[in-house]
Amino acid sequence: MTVDSSAASQPRRSAAGKAGTTGSKTGTKRTTRTTTKKSTDPELVQLLTPEGKRVKNAEYDAYVAGITSEELRGLYRDMVLSRRFDAEATALQRQGELGLWASLLGQEAAQIGSGRATREDDYVFPTYREHGVAWCRGVDPTNLLGMFRGVNHGGWDPNSNNFHLYTIVIGSQTLHATGYAMGVAKDGADSAVIAYFGDGASSQGDVAESFTFAAVYNAPVVFFCQNNQWAISEPTEKQTRVPLYQRAQGFGFPGVRVDGNDVLACLAVTKRALERARSGEGPTLVEAYTYRMGAHTTSDDPTKYRADEEREAWEAKDPILRLRRYLEAANHADEGFFAELEAESEALGRRVRESVRAMPDPDSFAMFEHVYADGHALVDEERAQFAAYQASFADVEGA
C-alpha cells in the first residue's frame, strides 16, 4: 500500500506563526505569506500506519513476510536504545562533556530499518548522524563520542564493521561510497554499498557527481537520503522543485520514497534496493521521508525557524510509538519485555556517561601522525616547532 505523504496537507509556517501585514513608507500594507507544501507531493511506501496498523503492499510485503516476533521486538529494542543513547549524548553536551552533538531524534525508524537490511559484507558510508546505523553495524556507542569530545578522529576501525568513519564534509561520503562500489563491482563481489546523506546534502555537487558515476558504471550502491525536511533552517522546498527521490530519474536509475517513520517499510525498501545492487542492477535512490524532531545540532535553536505545531504533528507519528502499538495489538510483546528494555536503556545511559568522562585526553602530538604515508620533511619541521612552543610554557612555569 502507498499512502499520501502525511505532510502534504500540512502548511509549513514560520516560527512566527500566522500570516500578517507590514507597513510601508507610503502607508500601504502588503501581506506576507508563508510557504506551504504542494498538494502534488507524491505517495510513499508504508507498511505501518502511525496508529500501528499493518497495511498490505503487494510490492514490498515479501521483504518482511518472514519476520518473527523476536525480530520485531529486536527492531523496537534497536530504536529505543538508539534514542536513549542519543538523549544521553545530548545531555552530556549540555553539561560540557562534548563539544557538539547531532541528534537522530525522530529518525530512528529510517536508520534502524535500513541498517538491519544490510548484510555483514556490505559497506556503509555514514554522515555524522547515523548513530542508529552504527548500532546495527555493531559499533560500540561510546566510540561515536570521541570525535565529538575532541579526543580522536573517529574512534573505531572502519574495516572491523564495514562502517566508515563519520563524515563532516556535507555530501562527500557519497563519492567515497560510489568509488568503493565501483571497486566492488570490478572485484566481482556480490556485496553492496549504502551511502547515507540528508536532504541538505542532496543539493551538493558531490552528490550529483556520485549519481552520475554510479549510473554510468552501474555501481552496486544504494543512496539513502533521510529527508528530515530541514537543512538546518532551510526547508526542502527551498532546495528543490521536485520530490528528492525523483532526481534519480534524470540520472537513469530508480528512486523510491518510503515513510521514514515506518521501520518495517524502511527495512523492506532497503532490502529490495540492496538486492538490486548485489544482483548487478545498479544504484537506487531511497528517500526516507521523516522529520528531525530536535535541533540540527546542539548549537542550533529550531524554534527560530519552525512552528511548534509542525513538530507536534510529527510527534504524533513517532516511529517508536508506532511500532509499540503494533507489537501490543498483535501480541508480539508483553509488559515484561517493555520493563526489561527500560532497565536496559537506563543501564546503557549510565555506561555512556561513565565512559565519556573516563576518556583520556589525546596526545597533542598525534595530529602530526598519518598526515603522509611515508612521512614528510615539512610535517617534521612543524612538529619540531610545536614541540618548542609547548616547551615554552614549561619554561614560563619554571621561571
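The values are calculated or read from the model by the stated rules, or taken from the named source; none is laboratory data. Remember, predicted model here, so these are calculated numbers, not experimental data. FYI the Cβ positions are ideal-geometry reconstructions off the backbone, even for glycines, and counts take in every protein chain you see. Only protein heavy atoms, including side chains, enter the accessible area calculation; ligands, DNA and RNA are left aside. Shrake-Rupley method; radii C 1.70, N 1.55, O 1.52, S 1.80 Å.
Couple of notes before you dig in:
- Helices (runs of 4 or more DSSP H) within region 220-333 that include 2 or more residues open to solvent by less than 10 Å² (accessible area, probe 1.4 Å) and closer than 30 Å to residue 184 by Cα: 263-278
- Positions within region 277-324 being on the phi > 0 side of the Ramachandran plot and modelled with pLDDT under 95, in sequence order: none
- Meets criteria (closer than 29 Å to residue 95 by Cα, assigned to a helix (DSSP H, G or I) and open to solvent by 60 Å² or more (accessible area, probe 1.4 Å)) for residue 341: no
- Residue 68 satisfies every condition listed in (1) in contact (Cβ under 8 Å) with a residue 60 or more places away in the chain; (2) over 21 Å from residue 127 (Cα atoms); (3) polar (S, T, N, Q) except (1).
- Flag if residue 350 is charged (D, E, K, R), within 28 Å of residue 51 (Cβ to Cβ) and either part of a helix (DSSP H, G or I) or at pLDDT 95 or above (or both): no
Yes/no per residue for (1) more than 29 Å from residue 47 (Cα to Cα); (2) assigned to a loop (DSSP other than H, G, I, E, B); (3) open to solvent by 10 Å² or more (accessible area, probe 1.4 Å):
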site	(1), (2), (3)
91	yes, no, yes
97	yes, yes, yes
102	no, yes, no
121	no, yes, yes
134	no, no, no
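- Residue pairs whose Cβ atoms lie under 9 Å apart, sitting 6 or more positions apart in sequence or on different chains, and linking a residue in region 364-390 that is closer than 21 Å to residue 151 by Cα to a partner that is open to solvent by less than 70 Å² (accessible area, probe 1.4 Å) and among the hydroxyl-bearing types (Ser, Thr, Tyr), are 386/364; 390/364.
- Single condition residue 367 does not satisfy, out of (1) within 27 Å of residue 104 (Cβ to Cβ); (2) in a helix (DSSP H, G or I): (1)
- Region 162-183: number of residues that are touching an Asp or Glu at 6+ places or on another chain (Cβ under 9 Å), open to solvent by less than 50 Å² (accessible area, probe 1.4 Å) and assigned to a helix (DSSP H, G or I): 4
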